[in-house]
Amino acid sequence: MGADGRSQVDIGHLATLARLNLKPEECAKFQEQIEDILAYVDKLSQLNVDGVEPMTTALPMINVFRDDTPHETLSRDEAMRNAPDKEGAFFKVPRIIQDGEAPDDGEGGDSNASK
Amino acid sequence: MTTWEPVIGLEVHAELATRTKLFCACPTEFGAEPNTLVCPRCLGMPGTLPVLNKQALEFAIRAGLAFDCQIAEHIVFERKNYFYPDLSKGYQISQLSQAVATGGQVNIVTDDGNEKQIHITQIQLEEEAGKSIHGGATIREATFTLEDFNRCGIPLIEIISEPEMHSVEEAKAYLEKLKTVLLYIGVSDCKMEEGSLRCDVNISLREAGSDRLGRRAEIKNLNSFRAVVNVLEYEIQRQTELLNSGGTVARETRTWDEGRGESFSMRSKEEAHDYRFFPEPDLAPVEPGQAWIAEIKATLPELPDIKRRRYVEEYGLPLYDAELISGNREMADFFDKTLQYYKDPKAISNWLMGEVSRLNNQAETGFDKLRFSPQQLGELLAMIDNGQISTKIAKTVLEEMFASGTAPASIVEARGLMQISDQGALETMINSLVDANPGPAEDYRNGRDKALGFFVGQIMKETKGRANPVLVTDLLKEAILGKK
């Protein structure tokens with residue numbers, strides 16, 4: 001929460017996570033919109049939820065299972081029809097690791113404590 | 001100089017032995033043509049919905065029970081969001097705080113022969129990613145990557161240990177025990193060469209005796225026990241040198257280059273981990289219920305720890321034998337069954353660990369594929385006890401049983417291998433032998449015990465090894481010393 005009671009949103013970080021290239025004016029616009037949404041949802045925190053079980057789903061059911069029996073699969077041609085790039089039997093994608101990127105150390109914390 | 005103690009935690013991923021994937025009904029077979037075991041669901045096409053494979057859940061519960069875990073009453077799947085090309089949907093369906101099983105432990109036997117418990121944090125059910133083939137010698141040198149989604153969506157359990165291992169040996173013992181139990185309960189084939197069992201290693205160093213944990217490095221996706229051992233040895237040395245020279249260990253994910261025997265910091269396009277977990281809205285929660293859990297528990301086989309203790313306490317086997325036999329389910333089954341036909345556990349253990357294992361190794365086969373039966377092995381051992389064949393001949397007979405599955409009595413009869421215990425026949429042979437060799441006989445009378453070996457050898461040669469060796473020795477002594 002910021003001083004004005006609004007959530008502080010790091011729109012640049014969110015955009016990176018979502019692989020979106022935002023222009024500066026889009027950043028400002030979405031920043032405001034997302035903060036509005038969060039402020040609205042934040043009304044829920046005004047409710048007293050003592051003794052209320054956390055809700056993880058809106059589905060009114062449990063134990064929806066499937067038997068372990070194989071079905072027909074797609075043919076490879078069908079499976080790859082929309083692929084932007086392919087090579088032989090494979091989907092082809094650009095290289096994964098780029099030079100000069102920061103080491104991946106963002107998981108936070110500095111101990112062996114389990115995640 | 002500070003003494004550093006390693007603190008090791010392991011996350012083991014075991015693919016489950018189901019016929020179909022976790023959330024769709026594509027087959028899970030290994031080695032199919034790339035991108036042929038796929039459907040709109042596991043390719044992450046919009047509009048598709050996951051449905052949970054009941055067998056996969058049962059296997060996860062089974063594993064939880066085998067490691068003494070608490071099975072959750074209310075199980076929830078979570079969506080873990082990240083982009084990586086082997087993950088078709090842009091998220092992995094995994095578990096977090098309401099996983100299938102929590103608590104529990106793996107019992108290991110340490111080098112000094114003591115038992116130690118390594119606690120399990122939790123066992124979670126999740127889906128595999130696809131397989132990436134990097135267009136270069138290593139991931140760091142790749143210019144492009146090829147993706148095969150056959151593996152994407154195969155069920156796996158991730159078994160997360162507490163950071164309670166403090167040496168490379170303990171980590172290795174933990175992995176071996178984990179694999180043994182998973183094979184016992186039949187939930188995974190654990191074929192490391194096919195990637196069915198993989199391991200992430202967390203390792204930090206702390207001052208010996210301190211409770212404070214150091215900063216850890218995580219090395220992902222190791223697919224052999226050898227690689228785990230190599231990584232741990234390498235990281236212990238790397239981190240020791242860093243700390244001793246006043247540096248700090250970076251908290252980072254590293255990749256292991258087995259060829260070079262070094263680990264490298266992963267400079268990954270994968271952004272800082274911010275997985276934004278939330279409960280998977282496309283899946284209903286699961287409540288397995290006590291009745292089903294009890295039903296699964298009732299089908300668990302006798303587990304290796306219990307078997308090992310039974311072998312020592314009931315049968316008086318040495319700990320070494322008990323550990324070795326109980327560590328291999330097929331061998332243990334064969335041992336247990338042979339005991340129904342033959343009553344000397346140590347003799348059975350000797351033959352299984354010795355000759356039978358030797359023949360298995362030679363033929364690159366296992367105890368589950370033996371052509372002869374436990375009953376036939378029992379018959380063979382009884383024939384030795386009855387003096388019908390010698391131990392040496394029994395080895396020859398076993399080789400034929402191994403090759404053909406023929407009953408030992410038939411082999412002995414067909415090949416005329418029955419031991420000669422006919423005293424009269426042996427005496428005739430011995431007398432003429434001693435008469436023909438006065439020199440060695442005199443040597444023996446003069447106290448050269450080795451000379452007796454010459455006579456035994458000659459009799460064995462003459463009888464093609466069939467003479468009863470104990471009887472021959474007795475008769476020889478009598479014949480030579482009696483002629484003084």
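The values are calculated or read from the model by the stated rules, or taken from the named source; none is laboratory data. All values derive from a computational prediction rather than experimental measurement. Note that each Cβ is placed from the backbone with ideal geometry, even for glycine, and that neighbours are counted across all protein chains shown. Remember, those area values only see protein heavy atoms, side chains included, never the ligands or the DNA or RNA. Shrake-Rupley method; radii C 1.70, N 1.55, O 1.52, S 1.80 Å.
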So, in the stretch B:338-373, exactly how many residues are basic (Lys, Arg) and touching a residue at least 12 places away in the same chain (Cβ under 8 Å)? 2
Within the stretch B:95-146, the residues that are open to solvent by less than 10 Å² (accessible area, probe 1.4 Å), of a type in the set (S, T, N, Q) and either free of Cβ contacts under 8 Å to residues at least 12 places away in the same chain or not in a strand (DSSP E or B) (or both) are B:GLN95
Just the residues that are open to solvent by 40 Å² or more (accessible area, probe 1.4 Å) and either in contact with a strand residue (DSSP E or B) (Cβ under 7 Å, 6 or more places away or on another chain) or of a type in the set (D, E, K, R) (or both), please, taken from the stretch B:287-327. B:GLU287, B:GLU295, B:LYS297, B:GLU302, B:ARG309, B:ARG310, B:GLU313, B:GLU314, B:GLU323
Within the stretch B:11-50, residues within 11 Å of chain A (Cβ to nearest Cβ), closer than 20 Å to B:ASN223 by Cβ and among the hydrophobic types (A, V, I, L, M, F, W, C) come out as B:LEU16, B:ALA17, B:ALA32
Which of the residues that make up the stretch B:203-245 are open to solvent by 80 Å² or more (accessible area, probe 1.4 Å) and assigned to a helix (DSSP H, G or I)? B:ARG226, B:GLU233, B:GLN237, B:GLU241
So if I check each of B:SER132, B:SER88, which one is in contact with a Cys (Cβ under 6 Å, 6 or more places away or on another chain) and modelled with pLDDT under 95? B:SER88
Residues (touching a helix residue (DSSP H, G or I) at 6+ places or on another chain (Cβ under 9 Å) and under 19 Å from B:ASN53 (Cβ atoms)) located in the stretch B:73-98: B:ILE75
Within the stretch B:76-89, residues being closer than 20 Å to B:ILE157 by Cα and in a loop (DSSP other than H, G, I, E, B) number 7
Filter the stretch A:39-75 for residues that are within 14 Å of chain B (Cβ to nearest Cβ), surrounded by 14 or more Cβ atoms within 10 Å (Cβ to Cβ) and not charged (D, E, K, R) and give the result. A:THR56, A:THR57, A:ILE62, A:ASN63, A:VAL64, A:PHE65, A:PRO70, A:THR73, A:LEU74
For B:GLN92, state whether it is under 27 Å from B:ASP148 (Cα atoms) and assigned to a strand (DSSP E or B). yes
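Listed here are the residues, each with its yes/no results for (1) part of a loop (DSSP other than H, G, I, E, B); (2) away from every other protein chain (no Cβ under 14 Å).
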{"site": "B:ARG254", "(1), (2)": "no, no"}
{"site": "B:SER263", "(1), (2)": "no, no"}
{"site": "B:PRO281", "(1), (2)": "yes, no"}
{"site": "B:PRO288", "(1), (2)": "yes, no"}
{"site": "B:PRO301", "(1), (2)": "yes, yes"}
{"site": "B:GLU313", "(1), (2)": "no, yes"}
